[in-house]
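The values are calculated or read from the model by the stated rules, or taken from the named source; none is laboratory data. Because the structure is predicted, anything quoted here is derived from the model rather than measured. A quick note on method: Cβ atoms are made from the backbone with ideal geometry, for glycine too, and the neighbour counts reach across all protein chains shown.
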Amino acid sequence: MDFSPFWISLKVAFCATLLAFVLGLAAARLVSALRRGRFVLDGILSLPMVLPPTVVGFFLLLLFGNRGILGRALALAGVSVLFTWQGAVISAAAVSFPLLYRTARGAFEQVDPDLVFAARTLGMGELRIFFRILLPAAWPGVMAGTVLAFARAMGEFGATVMLAGNIPGRTQTMSIAVYSAVQGGNRALAYRWVCVILAISFATLLLLNLLTERQKTGRRDSRWRFR
């Protein structure tokens, strides 16, 4: 049994989650601080969550393809993401980004605004407020969104096939390996990959539940301290 889809999936999922983490936190902070136009921007940023993955992959092709805006700019630098594992990372990050963004935005909006106001009154800059107040207070929610994004990136299929293709040993993730095994009539191999994916998904859900329970416990403890 070739384990390359497993390692490719892990590499892609970790890199995609890291990319979604950075972009998701920045977008969540931006939208949570807006007063006008936030619903329109939120809708645009959340679109990959409701669009079919193949449609997301098509838009990525328009951007990163040989005739796309970003694709032509990368081509000038001698770089191409088509049919590469980097393309798989971009695809996975695109579909997992909304999960992290929306979870982080909700966590930021639950932070007491008086804390932010007090920090500004004391002369703290926005960047320092973010890292010293907002992020620590919203960290359990951010971590929950990160776990969800990782699980989504691990199971991405449609957008990855559109942008990165199905190249064994290079871009074939576990989800694509299941599809290829079924198409090739090798159901035993498909069952093995399905079991691996189920085990990883179940472990991810357990971790998510643990983080959620810790968040609830922390809130209860903080309430008792102020009584």
- [ ] Please find, within the range 168-195, the residue that is farthest from Arg102 (Cα to Cα) out of those that are part of a loop (DSSP other than H, G, I, E, B) and of a type in the set (Val, Ile, Thr).
- [x] Thr171
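For every residue, the table says whether it meets (1) modelled with pLDDT of 95 or more; (2) closer than 28 Å to Phe131 by Cβ; (3) among the β-branched types (Val, Ile, Thr); (4) assigned to a helix (DSSP H, G or I).
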site	(1), (2), (3), (4)
Leu18	yes, yes, no, yes
Leu62	no, no, no, yes
Ala73	no, no, no, yes
Val79	no, no, yes, no
Ile90	yes, yes, yes, yes
Tyr101	yes, yes, no, yes
TODO: Name the one entry in Arg67, Arg36, Arg105, Arg120 that is without any contact (Cβ under 8 Å) to a residue 12 or more places away in the chain and assigned to a helix (DSSP H, G or I).
DONE: Arg120
TODO: Would you tally the residues in the range 1-16 being of a type in the set (D, E, K, R), in a helix (DSSP H, G or I) and over 14 Å from the mean Cα position of the chain (by Cα)?
DONE: 0
Open item on the list: What's the number of the only condition in (1) more than 14 Å from Leu23 (Cα to Cα); (2) touching a helix residue (DSSP H, G or I) at 6+ places or on another chain (Cβ under 7 Å) that Ala104 fails to meet?
Closed with: (1)
TODO: Answer yes or no: is there a residue in the range 124-144 that is crowded, with 22+ Cβ neighbours inside 10 Å and either free of Cβ contacts under 8 Å to residues at least 60 places away in the same chain or closer than 28 Å to Leu61 by Cα (or both).
DONE: yes
Open item on the list: Checking the structure you have, find out if any residue of the range 42-52 is assigned to a helix (DSSP H, G or I), within 12 Å of the chain's Cα centre (by Cα) and in contact (Cβ under 8 Å) with a residue 60 or more places away in the chain.
Closed with: no
Task: Where a residue in the range 181-192 is farther than 18 Å from Phe6 by Cβ and its partner, wherever it lies, is surrounded by 11 or more Cβ atoms within 10 Å (Cβ to Cβ) and among the aromatic types (Phe, Trp, Tyr), with Cβ under 6 Å and at least six apart - done: none
Open item on the list: Return the residues of the range 108-117 that are part of a helix (DSSP H, G or I), surrounded by 17 or more Cβ atoms within 10 Å (Cβ to Cβ) and at pLDDT below 90; say none if nothing qualifies.
Closed with: Val116
- [ ] Might you check whether a residue that is in a helix (DSSP H, G or I), surrounded by fewer than 20 Cβ atoms within 10 Å (Cβ to Cβ) and free of Cβ contacts under 8 Å to residues at least 60 places away in the same chain occurs anywhere in the range 152-167?
- [x] no
